[in-house]
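The values are calculated or read from the model by the stated rules, or taken from the named source; none is laboratory data. Predicted model, so just to flag it, every value in this text is computed and none were measured. Here Cβ is always computed from backbone atoms with ideal geometry, including for glycine, and neighbour counts include all displayed protein chains.
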Amino acid sequence: MPKCKLFDSKTFRMTLPEPFDDPSYSGAKNYGTSAYNTVSGTKKSTLHAPTLRALLAYAKLVTAAEAGQDVTDLGAVGQQGSTFTVAEYRSVDKTDCVVFNQTTGKFIATRIQNGTRTMVPMSLNDPAFSGSSLLFALMPTLEKDLEFQENFKQFWLERHGHC
């Protein structure tokens with residue numbers, strides 16, 4: 001179990017990215033729950049904007065890389081040895097640089113605002129922090145999980161078909 005929340009509850013009220021911003025996708029659903037959801041009673045699933053942003057960014061990066069296209073502005077994610085995952089998560093006005101230590105489960109993250117060279121440490125307590133960059137950095141680790149593999153493949157195929 002984690003020692004702290006990865007996401008603040010406010011992140012569940014954030015606007016969903018396209019194409020999930022359709023009102024029919026909002027709210028808790030009785031389907032689509034994870035096998036890891038061990039809550040007793042009626043299980044519910046909810047779309048989460050930071051998670052969707054990370055998945056969409058990763059799918060876009062994978063699609064472009066597999067097609068041999070330029071990925072310069074799409075960020076990057078990769079392994080350094082067997083311990084560290086290093087990611088560069090790009091968004092409209094900033095770049096988040098994240099290092100995930102697979103041994104300790106800890107993150108080190110900094111933010112660089114576009115047009116500057118100043119790196120600012122990020123914190124889960126920062127009101128501007130959504131967590132998308134942390135999930136983006138976890139993608140290679142998540143891809144080792146069978147449930148994630150199956151669902152990401154379906155997500156990628158459906159998204160790729162709409163590109």
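Tabulated data
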| item | result |
| --- | --- |
| Residue that is surrounded by the most Cβ atoms within 10 Å (Cβ to Cβ) [pool: residues in segment 6-32 that are under 15 Å from the mean Cα position of the chain (by Cα) and modelled with pLDDT under 80] | PHE7 |
| Identity of the residue in segment 111-140, surrounded by fewer than 15 Cβ atoms within 10 Å (Cβ to Cβ) and of a type in the set (Ser, Thr, Tyr), that ends up modelled with the lowest pLDDT | SER123 |
| Among residues of segment 81-104, those that are under 19 Å from the mean Cα position of the chain (by Cα) and at pLDDT 90 or above, counted | 15 |
| Index of the failed condition, GLU147 passing every other in (1) closer than 15 Å to THR51 by Cβ; (2) touching a residue at least 60 places away in the same chain (Cβ under 8 Å); (3) touching a helix residue (DSSP H, G or I) at 6+ places or on another chain (Cβ under 7 Å); (4) of a type outside the set (Lys, Arg) | (3) |
| Residues of segment 33-63 satisfying the condition of being free of Cβ contacts under 8 Å to residues at least 40 places away in the same chain and either assigned to a loop (DSSP other than H, G, I, E, B) or more than 19 Å from the chain's Cα centre (by Cα) (or both) | THR33, ASN37, THR38, VAL39, SER40, GLY41, THR42, LYS43, LYS44, THR46, LEU47 |
| Residues (surrounded by fewer than 12 Cβ atoms within 10 Å (Cβ to Cβ) and either closer than 18 Å to GLU143 by Cα or among the hydroxyl-bearing types (Ser, Thr, Tyr) (or both)) located in segment 69-82 | THR72, GLY78, GLN80, GLY81, SER82 |
| Number of the exception - GLU66 against (1) free of Cβ contacts under 8 Å to residues at least 60 places away in the same chain; (2) surrounded by 12 or more Cβ atoms within 10 Å (Cβ to Cβ); (3) not aliphatic (A, V, I, L, M) | (2) |
